[in-house]
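Taking it in order: structure first as structure tokens, then the write-up.
The values are calculated or read from the model by the stated rules, or taken from the named source; none is laboratory data. This structure is a prediction, so every number in the text was calculated from the model and none was measured. Because the Cβ atoms are built from the backbone with ideal geometry, glycine has one as well, and the counts that use them run over all protein chains shown. Protein only, heavy atoms only, side chains kept; ligands, DNA and RNA dropped before computing areas. Shrake-Rupley method; radii C 1.70, N 1.55, O 1.52, S 1.80 Å.
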Amino acid sequence: MEWLSLFVHNHWRSAIEIAILWVFIYYAYLYFRGTRGAKVLTGLAITYLVLTLVSQRLGLEVINWIISTLTAFFAVALVVIFQPELRRALAALGSHYLLSAAHQSRETLEMLTEAVFELSNRQFGALIAIEREINVRVFAESGVNIDCDLSPEMLLTIFQPKTPLHDGGVIIRNDRILAAACIFPVSQREDLDRNLGLRHRAGLGISDESDAVAIVVSEETGVVSICHNGRIERNFDPEGLKQRLSKLLLLEKYEKTDPEQLGGEDSEPDPRDHPLVPHPQEGGKGDAAAR
């Protein structure tokens, strides 16, 4: 027991360091796997380890010097390759509910829910992004400035298929419609099903680039989905949508906040963990264009 006590006393700091590094590496692996740069990272890591082991075993001084010299370059290259993922991770950390304040009111969520399911019943395709902590002005500038009070009637008018503003997305900021016909970045993640429509990919894209919450209404099936933090949850009913938006935007806690309970059986887990499989009826011409 004495030697064990002495060992713990002398090496407890090392144990803490190993635990911290293990947790960091494990969650970094979970976060980055399935991204576009994951294969590049794997290739670089294997190449680096193999060259390092070979040069040290065989005493190849020139190769060892080159590897040591290029280590800083590799670190910068990793930052460039994983720039979107790192930005999203830091944005998620900075927008944690302990550090942020909600800008949407309960009345806004009531109107959004009413408008979304009216659009769903009429099978009007829609893409609505709700700004949170990260400013999405760059996307708003790609559309038509509106800056009016939010109302179900206004959203129905905007997404009426024969109106000039129905193509693109709507941005909501502080209970107001900021802009319409906005162009959102389309997610290019390799783990997404190729049959996924551009409207849903655009919703995922803006949730990748910012902490905005995107609501997507399928034109083909009327299915309502939510995109946030690079993931998609699907097949909401009115009460489920209201509760999920309250959880994401008003920072309220409900007894049933599990996306699978709120969104129904078609809710999807994080696309980084499993490929997204769209609704069997979706992916047709209505979702083949980002309207």
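Which one of these is modelled with pLDDT of 90 or more, farther than 22 Å from N235 by Cα and open to solvent by less than 20 Å² (accessible area, probe 1.4 Å): A129, A140?
A140
As an exercise: evaluate I134 against (1) modelled with pLDDT under 90; (2) within 15 Å of A202 (Cα to Cα); (3) open to solvent by less than 60 Å² (accessible area, probe 1.4 Å) and give the number of the one condition it does not meet.
Of the numbered conditions (1) modelled with pLDDT under 90; (2) within 15 Å of A202 (Cα to Cα); (3) open to solvent by less than 60 Å² (accessible area, probe 1.4 Å), the odd one out for I134 is (2).
Modelled with pLDDT under 80, part of a helix (DSSP H, G or I), crowded, with 16+ Cβ neighbours inside 10 Å and hydrophobic (A, V, I, L, M, F, W, C), is that true of A91?
Yes; evaluated as a whole, the condition is true for this residue.
Looking only at segment 144-176, which residues are within 22 Å of the chain's Cα centre (by Cα) and either free of Cβ contacts under 8 Å to residues at least 60 places away in the same chain or open to solvent by less than 30 Å² (accessible area, probe 1.4 Å) (or both)?
If the condition is that a residue be within 22 Å of the chain's Cα centre (by Cα) and either free of Cβ contacts under 8 Å to residues at least 60 places away in the same chain or open to solvent by less than 30 Å² (accessible area, probe 1.4 Å) (or both), then G168, G169, V170, I171, I172 are the ones that fit.
Need a quick list: strands (runs of 3 or more DSSP E) entirely within segment 142-200 having at least 2 residues that are farther than 25 Å from E110 by Cβ.
Here the list reads 144-149.
With the checklist (1) closer than 21 Å to L249 by Cα; (2) assigned to a helix (DSSP H, G or I); (3) modelled with pLDDT of 70 or more; (4) open to solvent by 30 Å² or more (accessible area, probe 1.4 Å) in hand, flag the one item L86 doesn't pass.
So the condition that L86 fails would be (1).
Looking only at strands (runs of 3 or more DSSP E) that fall completely inside segment 210-255, which ones have 1 or more residues that are at pLDDT below 90, touching a Cys at 6+ places or on another chain (Cβ under 7 Å) and within 26 Å of P161 (Cβ to Cβ)?
So the answer is none; nothing clears 1.
Is it true that L248 is closer than 22 Å to M111 by Cα, over 18 Å from the mean Cα position of the chain (by Cα) and open to solvent by 10 Å² or more (accessible area, probe 1.4 Å)?
no
Select from segment 177-187 the residues that are buried (at least 21 other Cβ atoms within 10 Å of the Cβ) and among the small types (G, A, S) and write down the one among them that is farthest from G143 (Cα to Cα).
So the first thing to find is which residues in segment 177-187 are buried (at least 21 other Cβ atoms within 10 Å of the Cβ), and the list is 178-180, 182, 184, 187.
Now restrict to residues that are among the small types (G, A, S): 179-180, 187.
Numbers: A179: 6, A180: 6, S187: 19 Å.
Within segment 177-187, the match that is farthest from G143 (Cα to Cα) is S187.
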